[in-house]
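Step one of this worksheet: look at the structure below.
The values are calculated or read from the model by the stated rules, or taken from the named source; none is laboratory data. Remember, it's a predicted structure, so these values are computed and weren't measured experimentally. Positions of Cβ are generated from backbone atoms using ideal geometry, with glycine treated the same way; all protein chains shown enter the neighbour counts. Accessible surface is based on the protein model in full, side chains and every heavy atom, while ligands, DNA and RNA are left aside. Shrake-Rupley method; radii C 1.70, N 1.55, O 1.52, S 1.80 Å.
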Amino acid sequence: MAVTASLRGRDAVVPDIPGPQAGPGDVLGTPPPVLSGDRGAQLLRESWGMTVGTVRPLASERDLNLMVDDRYVLKVSNPAEDPGVLDMENAAMAHVRQVSPDLPIPALIPARSGETVAAVTDAGGRRCLARLITVVPGQSHEGRAVTTDLAEQAGGLAARTSLALQGLFHRAGGRVFDWDVRRAPAVLAKPGVIDGLGATGRELAGLLPRLAAAARATGALPAGLNHGDVTLTNILTSGGQNSRDSVGDRTVITGLIDFGDIHHTAHVCDLAATLAAVLRNTADEQPAGTWELAAAVLDGYQRHRLLSAQEAEVLGDLVLARLGLTLAISSRRSAAHPENRTYISQYDASNGRVLEELLRLGPEAVARRLRVLTGTARAARPAPRAPAAGSAAQAADGALLTRRRAVTGGPLSPLFYSHPLELVRGEGPWLFAADGSRYLDAYNNVAVVGHAHPAVVQSVSSQLALLNTHSRYLHSGIVELAERILATMPAGLNTILFTTSGTEANELAWRMATAYTAGNAAVIAEHAYHGSSKWMADLSSNEWPRGYYPAHVSTFAAPRAGTGGTTREVALDRVTAAAGRLAAQGDLPALLLADLGFTSEGILDAPADFVAGLVEGAHRAGALFLADEVQSGFGRVGPAFWRFALAGITPDIVTLGKPMGAGYPIGAVITRREISDSLARGYEYFSTFAATPAAAAAGLAVLDILQQQAIPEQAARVGEYLRQRLRGLAGHDARLGEVRGTGLMAGVDVLGRQPIQDPAGRRAFARALLDALRDHHVLAGLTGPAGTVLKVRPSLIWREEHADQFVDAVEAALNQHT
């Protein structure tokens, strides 16, 4: 089905008899034009030289819209409409089509005279202006379910349209009309309006001064001509097409119509109209909650235009104003035009629902949540003085690879895949290659809240624009980050020191442990990974060259099937034996380091009893126990937030890294004060880029997103769903074996039940499977002692549809190697 420019809702009754004439310019008080289909066809012949087949009416708030042969819309404007405003609408459409041809908006068809308008007299003898506009494909999204994906598209469309209009000026832009959100306080204050809205009106009455202050504040904010009505009514969508880089059938925006509300206003006012429309959508089904939708709209908007802190500050009040304004105008027009009441009042119930929810929360809380979602909550304010294709693309990739090898050490710094991938952009769960291909990222836990999350970008960018220096100065951001991380820890873990990476965190932890225990040796799992510095490489047995075994290190067997059990006693015995081997050579263990997800071991499911045995064994040997949460922490295991917390133990030291800043380098060591004091007796600790204001801004934004949007809960749910689907696939394909993992992490044995048992053959097949997944636009990794465990460790924003795409890609990749 196709809908057209100017369609403002679903089918409605177009009145046959005009109401009383209102004053000039009162388009909301003047009945729409009345014109029969035959008269419309006659106008098209006379003014456009067009012979048409079918002409049928469409719904409209204040104009008359006639669908012409499902190809055009004849738009007859309200007789009270200012011709200058119509000229502005026409100029705006032409301008947008010229500067942003990728925006899907209608085109004007000039009349035979060369003008874009033609005069016509309606059935009531009133002179009106008519325009002919092309149909944009799709249908109005109002009344249809709004997913977070669609909401994000809507936010992006609003920003792109606002940006496209920013270079246009028109003298009619200063028009005064009631749909301008800045007029909400004046409209609501008119006699009888508040009373007519009942209890909601009485609550709004107390907010009128606040809404008026927000309206005044917009005068100092970035402004220009804005569409003013990028709403679900005017957004056209179509069902998605299956493609190699889509997740199922995706609903996509195909058009934006109706420039009838265009006026000069602050850009944030335009956003408020879009945000209010998405939140109060009239669909019977609500697949996403209010704040999920709000986050998605703002993410989409800020991918194109970042909001300032001042814009975010007033956004909540402008949304409240828009919702109240819509109810007020609906009430007034329903009384004036009872014959069109159904159409006019179609948004009342949903408007009331969302407005009541926001009013219950309170305007301050609404504003605060929106500041958090936009990443401007901590936008510090200074105190007042206190692609090519085919062979060409392959040649370009080859040239870049050659250049890289020449300058970066070649085999010392290898790349993924037999044919390395050049990535240029990330967005949410996706990575984009130089050729425009989109890949589902199932590997990178650094982007814990998704790639280039707008709130993180905004938070860090705002701080970088203000101040970023080392940690020898006081700064509130780093103190707040420390307090919030410690609040997630068990009692006793009361001290945090920031680093720039997990490697640096483990190095600092080692120095503390040796100072506290006077030990000189470490105990690690037999295929562990804890970092890339010289000493951490010695504590990363998974990286040891063949035949290498460093001094002062002893290993224990991880809780793998077939290694003698996973009880507390087994773990205790293994650590005791490792410590005994150290003692035999004159070493005293200072630290036992463990990634409790045993990620490098192949992602193992360690029972709580086994973990408790490791802790007891470390303490019996005189060593401290370190939980390396770099890969398993920050909500990946679910609401417990940390893998050690899920196991019910309290480590002596916790180290953090990769996900902590969602791409900004930051890590941390958490411990007891007496442990850190033992190092402080002889040393100071300082790292230039640790604990900077920008690092704090990144870390705080990540915590905000994880905690406010309940992402750990989602991660636990999606992770379990992912493993269920993988187990189902492994159940009927013998080339996959055991599926393990906790939270949103999974390890899948490759060739676990396949006749090929030689290690080289298994490794070759695993690498081939990884390459095949890339060919199916999914990026994963390999882990385990032999490199034959498929490693799935995505950002925590994955939903079930992403898990489905991943498993479908694994199945397709296996079928590729029958």
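Quick look at the values:
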quantity: Amide H contacts of Val778 (H built 1.01 Å from N, under 5 Å, at least 5 apart or other chain); calculated: Leu440
quantity: Accessible-area value, Glu292, 1.4 Å probe, nucleic acids and ligands omitted, Å²; calculated: 80
quantity: Share, in percent, of DSSP beta bridges within the chain that are antiparallel, nearest 5; calculated: 80
quantity: Those GluC sites (Glu not before Pro) in the stretch 630-719 that DSSP places in a loop and that have at most 14 other beta carbons within 10 Å; calculated: Glu684
quantity: Residue-averaged 222 nm ellipticity for the chain, from DSSP H runs of 4+ at -39500 (n - 2.57), nearest 500; calculated: -13000 deg cm²/dmol
quantity: Part-to-part distance (alpha-carbon centres) for the stretch 556-626 and the stretch 253-305, which is given in Å; calculated: 53
quantity: Magnitude of the charge dipole, the stretch 441-531, Cβ model with Lys/Arg +1 and Asp/Glu -1, debye to 20; calculated: 220
quantity: Heavy atoms of Tyr664 accessible to a 1.4 Å probe, total area in Å² rounded to 10; calculated: 50
quantity: With every protein chain in place, the stretch 280-364: carbon and sulfur % of accessible area (1.4 Å); calculated: 50
quantity: Selection from Gly206, Gln166, Ala321 lying farthest towards where the dipole of the chain points positive, charges on Cβ; calculated: Gln166
quantity: Heavy-atom accessible surface of the stretch 548-636: percent carbon and sulfur, 1.4 Å; calculated: 57
quantity: The stretch 196-355, relative contact order in percent, only Cα pairs under 8 angstrom and at least six apart counted; calculated: 26
quantity: Partners for Lys658 among lysines (Cα-Cα distance below 24 Å; same-chain residues under 8 apart left out); calculated: Lys534, Lys791
quantity: The stretch 467-615, dipole about Cα centre (Lys/Arg Cβ +1, Asp/Glu Cβ -1), debye to the nearest 20; calculated: 240
quantity: Cα-based Kirkwood hydrodynamic radius, the stretch 99-168, one decimal, Å; calculated: 15.5
quantity: Accessible-area ranking of Arg175, Arg183, Arg636, Arg71, largest first, probe 1.4 Å; calculated: Arg71, Arg183, Arg175, Arg636
quantity: Exposure of Ser471 as accessible area (Å², to 10), given a probe of 1.4 Å and all protein chains; calculated: 50
quantity: Residue (of Leu497, Ala621, Pro414) at the positive-pole extreme of the chain, dipole from beta-carbon charges; calculated: Leu497
quantity: Net charge contributed by nearby residues that have their C-beta within less than 12 Å of Gln707 (K/R +1, D/E -1); calculated: -1
quantity: Average projection area in nm² (convex hull over Cα atoms of the chain, one quarter of hull surface); calculated: 40.2
quantity: Heavy-atom accessible area per residue - the chain, 1.4 Å, Å²; calculated: 40
quantity: Where Glu616, Glu629 fall by accessible area, highest first, once all protein chains stay in place (1.4 Å); calculated: Glu616, Glu629
quantity: Ranked order, His419, His304 - accessible area, probe 1.4 Å, largest first; calculated: His419, His304
quantity: Radius ratio Rg over Rh of the stretch 764-811, counting only Cα atoms, Kirkwood formula for Rh; calculated: 0.98
quantity: Dipole magnitude of the chain about its Cα centre (Cβ charges: Lys, Arg +1; Asp, Glu -1), debye to nearest 20; calculated: 980
quantity: Whole-Å distance, taken between Cα centres, linking the stretch 444-511 and the stretch 677-699; calculated: 10
quantity: The stretch 707-777 - percent relative contact order, Cα under 8 Å, separation 6 or more; calculated: 23
quantity: Percent RCO, i.e. relative contact order, over the stretch 47-190, from Cα pairs under 8 Å lying at least 6 residues apart; calculated: 22
